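Undergrad: Supplied in structure tokens, the structure appears directly below.
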Amino acid sequence: MKKEEINVCVLRVGGTNCDAETKQAFEELDVRARVVHLNEIIKQRNLLEYQALVLPGGFSYGDYVRGGAIWAKLLLAKLGKELKAFVDENRPILGICNGFQVLVEAGLLPGFEGASTYPEATLATNVPPGYNCRWISIKHENRGKCVFTCKIPRGKTLHVPVAHSEGRFLLPKEKEDRLLQRLYDNDQIVFRYCNKDGEPAKGRFPLNPNGSFHDIAGVCNPEGTIFGLMPHPERAFYWWQQPDWTRQDRVPESGDGRPILESLISYLENKS
């Protein structure tokens, strides 16, 4: 597929943000991107006109009930058939922050046996509690399954921002060890929180900004085409967004979030 043929849908609802930044980042990569309200997609029934779907960050519908819960139920109720077709065709879906919460609430992540009718994990209230907005480090742990990190060497540490109140990734306590092993067996763990040298955060705040189990910052489905992460790659797209660029020996060519979006485009270019 040629770049000019790629159309990315950046979906929004009341309370989302970062949609404009996400659109601009994709346009910088020479593909077409459009911010579309959920109501328009429901009315037009044209989700399959897009090659990729992005659920951006924010606080959809005020994050009442739980983060992303209302948006997830609306997606399933109003676009369930189209969303299933999108997933079945291995069209990539990216959930950033609130979007990650939506994918978990919708049963699309972790997606051990495909889309689940109930959430298989949760993104709970931060520990320590409260809104946490800071730059953190994450280590790329994926062995090659995730299409969103195909241009990132395994073991590489990225410096990106987080901004959330409910980002603590948890698995059911009684199944925790078994499901963690399954995540590893399926190569579904993509990023883990770490220090600047790539050493595990081991749950320590602020290296792990929310208390996530096993320092998990992002996971993909078993096919690697659905990916959710709490950090914001679109807020670390340009070199001048890095908070420490003036202290570096050499000005970086881009921010550390750019390769995530570049990997998605590379996958679509190679997709028949």
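Undergrad: Go through region 119-134 residue by residue and tally those that are closer than 24 Å to Pro243 by Cα and either among the aliphatic types (A, V, I, L, M) or crowded, with 17+ Cβ neighbours inside 10 Å (or both).
TA: So the answer is 2.
Conditions (1) among the small types (Gly, Ala, Ser); (2) touching a strand residue (DSSP E or B) at 6+ places or on another chain (Cβ under 7 Å); (3) on the phi > 0 side of the Ramachandran plot, marked per residue:
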site	(1), (2), (3)
Gly58	yes, yes, yes
Tyr64	no, no, no
Lys73	no, no, no
Leu76	no, no, no
Asn98	no, yes, no
Gly107	yes, no, yes
Arg134	no, yes, no
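Undergrad: Identify, by number, the condition in (1) polar (S, T, N, Q); (2) in contact (Cβ under 8 Å) with a residue 40 or more places away in the chain; (3) surrounded by fewer than 23 Cβ atoms within 10 Å (Cβ to Cβ) that Ser116 doesn't meet.
TA: So Ser116 meets the others, but not (2).
Undergrad: If you check every pair at least six apart or on different chains, which have Cβ atoms under 8 Å apart with a residue in region 64-92 that is touching a residue at least 40 places away in the same chain (Cβ under 8 Å) first and a residue that is among the hydroxyl-bearing types (Ser, Thr, Tyr) and assigned to a helix (DSSP H, G or I) second?
TA: Gly68/Ser60; Trp71/Ser60; Trp71/Tyr61; Pro92/Tyr267
Undergrad: Filtering region 193-206 down to residues that are farther than 17 Å from Ile96 by Cβ and buried (at least 18 other Cβ atoms within 10 Å of the Cβ), which residue is farthest from the chain's Cα centre (by Cα)?
TA: Result: Ala201.
Undergrad: While we're on this one: Quick test of your reading of the structure: Leu53 fulfils all but one of (1) part of a helix (DSSP H, G or I); (2) more than 14 Å from Gly218 (Cβ to Cβ); (3) touching a strand residue (DSSP E or B) at 6+ places or on another chain (Cβ under 6 Å). Name the failing condition by number.
TA: (1)
Undergrad: Looking at the structure I just gave you, is Asp256 assigned to a loop (DSSP other than H, G, I, E, B) and surrounded by 21 or more Cβ atoms within 10 Å (Cβ to Cβ)?
TA: Values: assigned to a loop (DSSP other than H, G, I, E, B): yes; surrounded by 21 or more Cβ atoms within 10 Å (Cβ to Cβ): yes.
Here the answer is yes, as Asp256 does meet what is asked.
Undergrad: Which of the residues spanning region 29-50 are closer than 22 Å to Cys18 by Cα and either buried (at least 19 other Cβ atoms within 10 Å of the Cβ) or not charged (D, E, K, R) (or both)? Working first, answer last.
TA: Taking region 29-50 and keeping what is closer than 22 Å to Cys18 by Cα, we get 29-42, 47, 50.
Of everything in region 29-50, those that are closer than 22 Å to Cys18 by Cα and either buried (at least 19 other Cβ atoms within 10 Å of the Cβ) or not charged (D, E, K, R) (or both) turn out to be Leu29, Val31, Ala33, Val35, Val36, His37, Leu38, Asn39, Ile41, Ile42, Leu47, Tyr50.
Undergrad: Of all residues in region 1-23, how many are surrounded by 16 or more Cβ atoms within 10 Å (Cβ to Cβ) and either basic (Lys, Arg) or within 22 Å of Ser266 (Cα to Cα) (or both)?
TA: To start, the set of residues in region 1-23 that are surrounded by 16 or more Cβ atoms within 10 Å (Cβ to Cβ) comprises 6, 8-13, 16-19, 21-23.
Pick out the ones that are also either basic (Lys, Arg) or within 22 Å of Ser266 (Cα to Cα) (or both) and you get 6, 8-12, 19, 21-23.
Residues in region 1-23 being surrounded by 16 or more Cβ atoms within 10 Å (Cβ to Cβ) and either basic (Lys, Arg) or within 22 Å of Ser266 (Cα to Cα) (or both): 10 in total.
Undergrad: I'd like to verify a number: residues in region 126-182 that are hydrophobic (A, V, I, L, M, F, W, C), within 15 Å of the chain's Cα centre (by Cα) and either more than 21 Å from Leu264 (Cβ to Cβ) or in a helix (DSSP H, G or I) (or both), how many?
TA: 4
Undergrad: OK, next. Just need a number here: residues in region 94-110 that are surrounded by 24 or more Cβ atoms within 10 Å (Cβ to Cβ) and part of a loop (DSSP other than H, G, I, E, B). Working first, answer last.
TA: So in region 94-110, the residues surrounded by 24 or more Cβ atoms within 10 Å (Cβ to Cβ) come out as 94-106, 108-110.
Keeping just the survivors that are part of a loop (DSSP other than H, G, I, E, B) gives 97, 106, 108-110.
Matching residues across region 94-110 total 5.
Undergrad: Inside region 183-216, can you point out the residues that are in contact with a Phe, Trp or Tyr (Cβ under 7 Å, 6 or more places away or on another chain) and in a helix (DSSP H, G or I)?
TA: Passing the criteria: Phe213, Asp215.
Every read-out reported here was derived from the displayed coordinates using simple, explicitly stated rules and does not represent laboratory data. Remember, predicted model here, so these are calculated numbers, not experimental data. Backbone-built Cβ (ideal geometry, glycine too); neighbour counts: all protein chains shown.
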